[in-house]
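Before any comments, here is the structure.
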Amino acid sequence: YVWPVNTQFNNYFQKSDYTRAADFGKRQVSGIHFQGLDMPKQMSIDLFYGKTPFNISPLDHLLALKINKDYKLSRYSLEYLRSSGFDAILNGYSFNNQIFNASYSGNLNEWKIDADFAYGSYFFESNQTQNNGIATKFNIKPSSRFVNFPINIEGYYISPEFVNIHSSIINGSVAAYSSETTSFNGEGIPDGARPFGGVMTPIHIKSNNRYGININSEFSIGKIKVNLGNGISREIRNDTNLVSFFHKINGLYLSRIERFQSQSGPQNNLTTFFRGYYENVLIDNSINQEMKKSYNVLLLNLKYKSKVFGKDFFIFYLGEYQSLQSFLAPIPLFSNKAILRNQFHEFDFYIGLNHRFSLIGYLGREFVVGNSSSGLGDVLDSDNNYNPRNGVGKVIGLGFDYSISSKSCFYFRFKKVDYLEKNFTNYFYSGYEVTAELKIFF
């Protein structure tokens, strides 16, 4: 899709989203898709048989079925998914992952409610590993008659042994379905964004072995639009001292330099995947044995639009604050009581000089801080002491969009990237990135 200059900025300002290509964010599939709509008694059905990128070998396949029933303002659904195959073409061992799911979506007295309940199981013949678990989620948007400002409440529970490899859930407690597994004939899963262990997830991503609640609200303060989200979660079972976090600001750059690497970096604790990377950290085991890990994430999005010399001018801020600690907290911690705490700050600047040309600026900052329970570095300070991690990242970018015609556009971006971990030897990188993209719609 080729969008006119300034269209994307207005879309993000109004809806907190961009105009996407039709297939953005969707899994590539090959197979047979049958859909029955407008059936008797307000029923509908979806049936798919084929493959996705997670069905690695030629013998793998996916079967998915969904039956819907509409009643007044509500929809009830029953769903089934089975992903199975062999870990090798010749003399291979079978594996499978299957999900049974029931869901509801509708309005009750002007309250908008969405709810899901799922039962899942998995099996690996190679080592006779099998288990099962449950997952449930509800989402409630109260009626404006009871709450006079917009608020959305989400609660969830995902048991340690629940796995759905085709979903966005991180399988942090099932090693066989994590990024670095060798269960699939040593090939690994073709999606590196699935760490094993405790994961400091963004607010829109969930991990199994976790229960929690997310609260979101949108409102305006004068000309500033505000989107605020707060997430609290806690692990169900403490079965490892391994935790990980994503590098949000510098991730895209390093993933293009160190493509699809595991156990990379000076401490062999970095994993890169498509458009990002994460870092593994080992918590002091004597501390880890005495606690259940709690996670907090706070998201703040500010959007401002004005005129500069008669031209449309936008400023966007996206901040994400995370912490990991041994106790429940209402918001992320900003002190050394947190075992790990991260901050990500992104500023975007746009000015449309005319209907064909716009200038763009970007500033991103990243701060990663740990306490002594997250491990000490190997760099001595002026007092001859070793200190825990203290990483700082920075990205500065400039660019422009130029609309050649209604069906073609040219996009140019330049970025300067730096990251320094002050207390670990050789954990530093710096570089430049230039992208030029010509889009033509036929």
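The values are calculated or read from the model by the stated rules, or taken from the named source; none is laboratory data. Keep in mind the model is a prediction, meaning the values are calculated, not measured. Note that each Cβ is placed from the backbone with ideal geometry, even for glycine, and that neighbours are counted across all protein chains shown.
Checked against the criteria, Ser405 does not count as among the polar types (S, T, N, Q), crowded, with 16+ Cβ neighbours inside 10 Å and either more than 30 Å from Ser286 (Cβ to Cβ) or modelled with pLDDT under 95 (or both).
Take the conditions surrounded by fewer than 20 Cβ atoms within 10 Å (Cβ to Cβ) and in contact with a Phe, Trp or Tyr (Cβ under 6 Å, 6 or more places away or on another chain) and apply them to Leu298. Does it pass? Against the criterion (surrounded by fewer than 20 Cβ atoms within 10 Å (Cβ to Cβ) and in contact with a Phe, Trp or Tyr (Cβ under 6 Å, 6 or more places away or on another chain)), Leu298 qualifies. Residues that are among the hydroxyl-bearing types (Ser, Thr, Tyr) and in a strand (DSSP E or B) within the stretch 361-415 comprise Tyr362, Tyr386, Tyr402, Ser403, Ser405, Ser408, Tyr411, listed in sequence order.
Of the numbered criteria (1) closer than 24 Å to Asn171 by Cβ; (2) out of contact with any Asp or Glu (no Cβ under 7 Å at 6 or more places or on another chain); (3) in contact (Cβ under 8 Å) with a residue 24 or more places away in the chain, the one Gln128 fails is (3). Listed by position, the strands (runs of 3 or more DSSP E) enclosed by the stretch 220-276 that each have at least 2 residues that are touching a Leu at 6+ places or on another chain (Cβ under 7 Å) are 224-235, 242-246. Scanning the stretch 288-318 for residues that are over 19 Å from Ile360 (Cα atoms) and either over 24 Å from the mean Cα position of the chain (by Cα) or assigned to a strand (DSSP E or B) (or both) gives Asn288, Gln289, Glu290, Met291, Ser294, Tyr295, Asn296, Val297, Leu298, Leu299, Leu300.
Looking at Arg365, is it modelled with pLDDT of 95 or more, basic (Lys, Arg), surrounded by fewer than 19 Cβ atoms within 10 Å (Cβ to Cβ) and under 30 Å from Asn301 (Cβ atoms)? Yes. Scanning the stretch 68-83 for residues that are hydroxyl-bearing (Ser, Thr, Tyr) and either farther than 11 Å from Ser103 by Cα or within 28 Å of the chain's Cα centre (by Cα) (or both) turns up Tyr71, Tyr76, Ser77, Tyr80, Ser83. Residues in the stretch 363-393 that are touching a residue at least 60 places away in the same chain (Cβ under 8 Å) and touching a Phe, Trp or Tyr at 6+ places or on another chain (Cβ under 8 Å): Gly364, Arg365, Glu366, Val368, Arg389, Gly393.
Scanning the stretch 79-103 for residues that are assigned to a strand (DSSP E or B) and farther than 22 Å from Asn208 by Cβ yields Phe86, Ser94. For the stretch 94-111, which positions are surrounded by fewer than 16 Cβ atoms within 10 Å (Cβ to Cβ) and modelled with pLDDT of 95 or more? Listed by number, the residues that qualify are Phe100, Ala102, Tyr104.
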